[in-house]
Amino acid sequence: GAVVSQHPSWVICKSGTSVKIECRSLDFQATTMFWYRQFPKQSLMLMATSNEGSKATYEQGVEKDKFLINHASLTLSTLTVTSAHPEDSSFYICSAQRGTGETQYFGPGTRLLVL
Amino acid sequence: QQQVKQSPQSLIVQKGGISIINCAYENTAFDYFPWYQQFPGKGPALLIAIRPDVSEKKEGRFTISFNKSAKQFSLHIMDSQPGDSATYFCAASTRSNYQLIWGAGTKLIIKP
């Protein structure tokens, strides 16, 4: 158990458009989901934490109006990159957690390329 | 104080050898220490994790050694195989704060 999926696995878009990435916990209910960004050869950088039914908590330096997070149910969270620019190109990874302090299970990641 | 320092940055080990990756932390409130394995273009996968009430945990070829007084923990991969070639991340968190604090990662290459 503890499988997390992400869709799409990769996306190419034009500058100025918006892109939505879905994160689903397939076989468990996730009270908390996390969104990370990872640059090549670097560690994961936490962008935001979301709990089902409440507003996401963003890390310092992450623009909440640019990276919209919705955690509509206990199995689905979405990240929308609004008005994407080439500097938003990155590897976006979500994780899900059953309960506070428990193991985070990661999705396979979404590669975003903004032209 | 929130940092987790990981070393080495990269490691090359012969097939069949022992791979050792080390992490150190400052925050004594940390009480959960997972290791994640990440292959290129994939998300991290939990490998093994330990809580500070034990000094060692073994799962197959993977062992975590934990030294509470030194505030250090390490991952040992016995009989390393080419399929173990990946980037390994240590992390730490507390029960009260679910946020994982990540090490910088170690790129492990196992030579056939």
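B:Lys58: which lysines have alpha carbons under 16 Å from its alpha carbon, excluding same-chain residues fewer than 8 sequence positions away?
B:Lys58 reaches no qualifying lysines.
Per residue, how much accessible surface does segment A:25-115 expose to a 1.4 Å probe? Answer in Å², no decimals.
On a per-residue basis, segment A:25-115 sits at 45 Å².
If you count only protein heavy atoms with a 1.4 Å probe, what accessible area per residue comes out for chain B, rounded to a whole Å²?
50 Å²
If DNA, RNA and ligands are ignored and the probe is 1.4 Å, what is the ranking of B:Arg95, A:Arg98, B:Arg51 by accessible area, most exposed first?
From most accessible down to least: B:Arg95, A:Arg98, B:Arg51.
Just which residues of segment B:90-110 lose 40 Å² or more accessible area with every protein chain there, against their chain alone, with the probe set to 1.4 Å?
B:Tyr98, B:Gln99, B:Trp102
So if R0 is 35 Å, what FRET efficiency would A:Leu26 and A:Arg111 give, r being the distance between their Cβ atoms, rounded to the nearest 0.05?
With a Förster radius of 35 Å, E is 0.95.
Place +1 on the Cβ of every Lys and Arg and -1 on the Cβ of every Asp and Glu in chain B, take the dipole about the Cα centre, and give the residue among B:Thr28, B:Gln38, B:Ile64 whose Cα lies farthest towards its positive end.
B:Gln38
Averaging sequence separations of C-alpha pairs under 8 Å and six or more residues apart, then dividing by the length of chain B, give the relative contact order as a whole percent.
37 percent
Expressed as a whole percentage, what fraction of the accessible surface of segment A:8-115 belongs to carbon and sulfur atoms when a 1.4 Å probe is rolled over the protein heavy atoms?
Taking all protein chains in place, segment A:8-115 shows 52 percent carbon and sulfur surface.
Specify the inter-centroid distance of segment A:71-110 and segment B:91-112, based on alpha-carbon positions, in whole Å.
When both Cα centres are located, 18 Å separates them.
With solvent modelled as a 1.4 Å probe, how much accessible area in total do chains A and B shield from it at their shared surface, in Å² to the nearest 100?
Buried surface at the A/B interface: approximately 1500 Å².
Could you put A:Leu26, B:Leu11, A:Leu79 in order of accessible surface area, largest first, with the 1.4 Å probe and the full protein assembly present?
A:Leu26, B:Leu11, A:Leu79
Using a 1.4 Å probe on protein heavy atoms, which residues of segment A:70-105 have at least 50 Å² less accessible area in the complex than alone?
Going by heavy-atom accessible area, the residues of segment A:70-105 that drop by at least 50 Å² are A:Gly101, A:Thr103, A:Gln104.
Tell me the carbon and sulfur percent of the accessible area for segment B:18-58, rounded to whole percent, probe radius 1.4 Å.
Here carbon and sulfur together make up 51 percent of the probe-accessible area.
Let me see the pair-distance distribution of segment B:14-112: every alpha carbon pair, 10 Å bin width, integer percents in order.
So the P(r) values, bin by bin, are 16, 49, 29, 6, 0.
How large is the convex hull of the Cα atoms of the protein assembly as shown per residue, expressed in Å³ as a whole number?
Each residue corresponds to 121 Å³ of Cα convex hull volume.
The values are calculated or read from the model by the stated rules, or taken from the named source; none is laboratory data. This one's a predicted model, so the numbers in the text were calculated from it and none came from an experiment. Glycine also receives a Cβ, built like all others from the backbone with ideal geometry; neighbour counts cover every protein chain displayed. Heavy atoms of the whole protein, side chains included, go into the accessibility calculation; ligands, DNA and RNA do not. Shrake-Rupley method; radii C 1.70, N 1.55, O 1.52, S 1.80 Å.
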